Amino acid sequence: HTGGADTVLNRSNRQFNNGIVYLTKLSSLKNNLTFVQSSLGFAPGPGSPMSKISLFQVEPDYFRSGKTMSGISRYLLFSILNPMKSARMLLSITDTLAADGKNNLPPASVIGRSRVFFPLVGSGSARVVSPPISPIKIGGYDMLGLDMGEPGRHFRVPRTWLMKLYGQNIQIDPRLLTAFARNISIISDSQYRSMDAPEFINNLVKGLTNHNLLYSGIYEDGWVSRSALLRLSSNSRDESLIINGFVPLINNPNFRETLVCAIDGRVAKTVSLHVGYFHLNISTNLRSGNHRVYLSFSRFERLPGGDGRPISARVTSIGFRHANR
């Protein structure tokens, strides 16, 4: 069994999350994914056309010291060893490095006996879980397909110093990517339900590394562009949704935008934001349990200094707590 140091597959299985190779009984592997080459998706190797490679080798994670990630393209096919009923796919990806001025997360879906879509919104990074999915039998094997929903493209590599003077028509990174993946795993429905969503995230940048936080549309440094989604927990009806952050001064000191905050599909607050810090205290009267918090901004600007990412605000902390805390 290949461990988490050598592949982004099955990283939700903590038993095999650190080493490179393990010897284990087949019966001990549940919901174990194995990448399968197909006419639409190859692994790197002799004779593999670059345009068809869909799962690349692991490389250092640009944002997380000591961690790794893998470039992926559109189509990935997997066989599942010892699948369990009511399984779901967990997908942790980032498009922060796309450097295309959009950084949009792709409309990814997983295909088995049916096709189900991931709740992906916004730009930057995400950790999401699909609705339940059943694998399909092909040649006696249980199979699932991951369709990232859009063709791979060249992620631009920033050019500095002499690189700006010569060879700008040469593609530095020849890979066609839809995203970088941090984790692609199959988890049981019970594993999904046991993921303890955080109640309040005091530091969003650090909070994104919490494996129990499901979210979409947040850059690793806390910026949000146009829309974001988080699964957070509330413990009592008298808690409020607290959101702290700021709108940066980039070019226009009179910049204004509208933030719509929805909880479980219902609009909870619409507020006008301007340049500077903001503190939102939104009364909710929610039952205890997990809730989907959706943020939608009406406008965006671009980060300066050659960054170019579209951003609407930086969220520093978010979650449910008593208003007097």
Using Cα pairs under 8 angstrom and six or more residues apart, how large is the relative contact order of the stretch 175-325, in percent?
32 percent
Phe278-Ile250 pseudo-label distance in nm [points 7 Å out on the Cα-to-Cβ vector]
1.5 nm
Of the heavy-atom accessible surface of the chain (probe 1.4 angstrom), what whole percent is carbon and sulfur?
53 percent
Sort the following peptides by mean Cβ neighbour count (other Cβ atoms within 10 Å, averaged over residues), highest first: 174-183, 66-75, 106-115.
174-183, 66-75, 106-115
Treating cross-link reach as a plain straight distance, find the aspartates and glutamates whose alpha-carbon is under 17 Å from the alpha-carbon of Lys52, omitting any fewer than eight places away in the same chain.
Asp147, Glu150, Asp173
What FRET efficiency comes out for the pair Tyr62/His154, r = Cβ-Cβ distance, R0 = 22 Å, nearest 0.05?
0.85
Over the alpha carbons of the chain, what is the largest minus smallest coordinate on each principal axis, giving the biggest first in Å?
58, 57, 33
Assuming R0 = 51 Å, what is the FRET efficiency of Lys85 and Arg266, from their Cβ-Cβ distance, to the nearest 0.05?
0.95
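What percent do you get for the relative contact order of the chain when only Cα pairs under 8 Å and 6+ apart count?
Relative contact order of the chain: 17 percent.
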Send over a whole-number figure in Å² for the accessible area per residue of the chain, probe 1.4 Å.
49 Å²
Filter the cross-link list Lys67/Lys102; Lys30/Lys206; Lys206/Lys269; Lys85/Lys206; Lys67/Lys269 down to pairs whose alpha-carbon distance in this structure exceeds 28 Å.
Lys30/Lys206; Lys85/Lys206; Lys67/Lys269
Between Asn210 and Ser134, with labels modelled 7 Å along Cα→Cβ, what's the label distance in nm to one decimal, could you check?
3.5 nm
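The values are calculated or read from the model by the stated rules, or taken from the named source; none is laboratory data. Treat the numbers as computed from the prediction; the structure is a model and nothing was measured. Quick reminder, even Gly has a Cβ in these numbers, built from the backbone with ideal geometry, and neighbours come from all protein chains shown. These accessible areas exclude ligands, DNA and RNA; they are computed on the full protein's heavy atoms, side chains included. Shrake-Rupley method; radii C 1.70, N 1.55, O 1.52, S 1.80 Å.
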